[in-house]
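Below is one structure, written out as structure tokens; the observations come after it.
The values are calculated or read from the model by the stated rules, or taken from the named source; none is laboratory data. Note that the structure is a prediction, hence the values are computed from the model and not measured. When we count neighbours, we look across all protein chains shown, and the Cβ atoms used for this are built from the backbone with ideal geometry, even at glycine.
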Amino acid sequence: MAQGQRRNNRLVPQASNSLDQFKYEVATELGINQEYKTGYWGNIPARECGAVGGHMVRRMIAAAEQSLVDQAATNVRSGFQQAFSQPLSNVTAPATQQGANLNQ
């Protein structure tokens, strides 16, 4: 792809700026040459570009998994809160035998 041309295959075009910022953040963390700041990644080896993409995917999957865990915990918590907020009118004490000697 020639310099200055850019594909935008993103499902959510509004996320473009955030994903670019995320990409630059990951590249900086990996210590990749700062040439990418110009927007042209052609001078950067494919292995390094792939590493950026791989780390981005790992972090996005971790964030999605954490979101699912948080969502499940919230659902369990709200389920317990609903269960404890209901009156215990359905619960009865165990029946005792009348006239039975409890000291036996």
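Brief remarks follow.
- Close pairs from region 30-51: first among the aliphatic types (A, V, I, L, M), partner at pLDDT below 75, Cβ under 8 Å, at least 6 apart: Ile44/Asn33; Ile44/Glu35; Ile44/Tyr36
- Applying the criterion of being within 12 Å of the chain's Cα centre (by Cα) and surrounded by 12 or more Cβ atoms within 10 Å (Cβ to Cβ) to the residues of region 20-79, the residue that is nearest to Arg10 (Cα to Cα) is Met60.
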